[in-house]
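Undergrad: I am attaching a structure below and will ask some questions about it afterwards.
The values are calculated or read from the model by the stated rules, or taken from the named source; none is laboratory data. Being a predicted model, the structure only gives us computed values, none of them experimental. Note: ideal-geometry Cβ built from the backbone for every residue, glycine included; neighbour counts use all protein chains shown.
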Amino acid sequence: MHFIFSCIFLFLSEEFVKSSSTQTESIIDLYKKISEKGTLADGLALNEQAQIKLKAINTIRLLPLNAMPINKFIILFNISLNNIKSDEEIKLIEFRLKSKNNISIYRKKLRLVIRENMYKRRRFNPMIISKEESEYLSYDLTNFLFHNSSNQILVIRRQSWIRNYLDHASLVIYSRAPGIFRLPASSNIRTKRSVQQKQVNSPCSRYDLFVNFDQLSFGAWVVEPKRFNAGVCQGDCPNPLSRLFYPTNHAMLLSLLHERGNSIQQPSCVPVRLRPLDLLYYDRRELVIKRHQGMQVEECGCR
């Protein structure tokens, strides 16, 4: 048995590499589902227990897996997590299976073995985390994989039912990475005429501001979306300042002082509520989904 596994380690190091087109199609499909549903919770079809782990994530990676049947009793998957950076905090690793023939997804328990080398292995029964209505059968492997390992093998033994679920087998890795997304100078951004020419004495309001990534220096590595409405706040903050403009106490104070003839600065029209934007782009040659906070203006007010 040791000789068999030593040969398998050598063979899988070459067999594991999948075409880039397959990986690209898989993660684009995942991105579209999240975008269509509007939220991670609805787009991922994972249960509440898994969703709790996803509250703080901003990065999603999808790693396609090649199943290698050794015989009618044993199936192997070679796994490498080298692309996970040392400063990333992994929140969830989902082992995802899909039926080959569109048969019903049965919520079956799974018995797995993780082998990092000839002598180091662990047996475990991962928790099912997919919803009943999901087209995938998903398991939580977060606490069982070696996160800094370049070569480990997932072994499935004596579970013949799984052969019907090996279509698009993959690992989906959800993590939180540090850093923020910075846009370049606004001179490269197209806007609507309503943004370029603010109406005189118009109240503080939100206007459309359409950003086209293809016109920016980094547009080549952004896959989706190519264009989005970032929004912008423009207009006057009236005196006296109404609560309709979501003012802070400081803004209310400035407004009152200005109304009494004081020449201090008046409150400014600024974003008071922003929403994130999910981007599908290349990060060091790897196609990932990243959620960037504060990218789109939802409401404007006076601050």
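Undergrad: Taking segment 248-303 as the region of interest, how many residues are in contact with a His (Cβ under 8 Å, 6 or more places away or on another chain), touching a residue at least 24 places away in the same chain (Cβ under 8 Å) and over 30 Å from residue 40 (Cα atoms)?
TA: The number of residues fulfilling the criteria is 2.
Undergrad: Here's something else I'd like to know. So, in segment 207-242, of the ones that are surrounded by fewer than 16 Cβ atoms within 10 Å (Cβ to Cβ) and more than 36 Å from the chain's Cα centre (by Cα), which residue ends up nearest to residue 38 (Cα to Cα)?
TA: So the residue we want is 242.
Undergrad: Please verify whether residue 220 is modelled with pLDDT of 90 or more and in a helix (DSSP H, G or I), treating the condition exactly as stated.
TA: no
Matching residues to (1) surrounded by 14 or more Cβ atoms within 10 Å (Cβ to Cβ); (2) assigned by TED's automatic domain parsing to the domain that holds residue 98; (3) at pLDDT 80 or above:
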position: 150; (1), (2), (3): no, yes, no
position: 154; (1), (2), (3): yes, yes, yes
position: 160; (1), (2), (3): no, yes, yes
position: 163; (1), (2), (3): no, yes, yes
position: 190; (1), (2), (3): no, no, no
position: 196; (1), (2), (3): no, no, no
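Undergrad: Taking into account only those residues within segment 37-60 that are modelled with pLDDT of 90 or more and under 18 Å from residue 277 (Cβ atoms), which is surrounded by the most Cβ atoms within 10 Å (Cβ to Cβ)?
TA: 60
Undergrad: Among the residues in segment 209-232, are any over 30 Å from residue 84 (Cβ atoms), in contact with a Cys (Cβ under 8 Å, 6 or more places away or on another chain) and not assigned by TED's automatic domain parsing to the domain that holds residue 58?
TA: No - not one qualifying residue is present in segment 209-232.
Undergrad: Filter segment 19-36 down to residues that are closer than 24 Å to residue 100 by Cα and among the polar types (S, T, N, Q) and give me whichever is surrounded by the most Cβ atoms within 10 Å (Cβ to Cβ).
TA: Applying the filter and picking the extreme gives 26.
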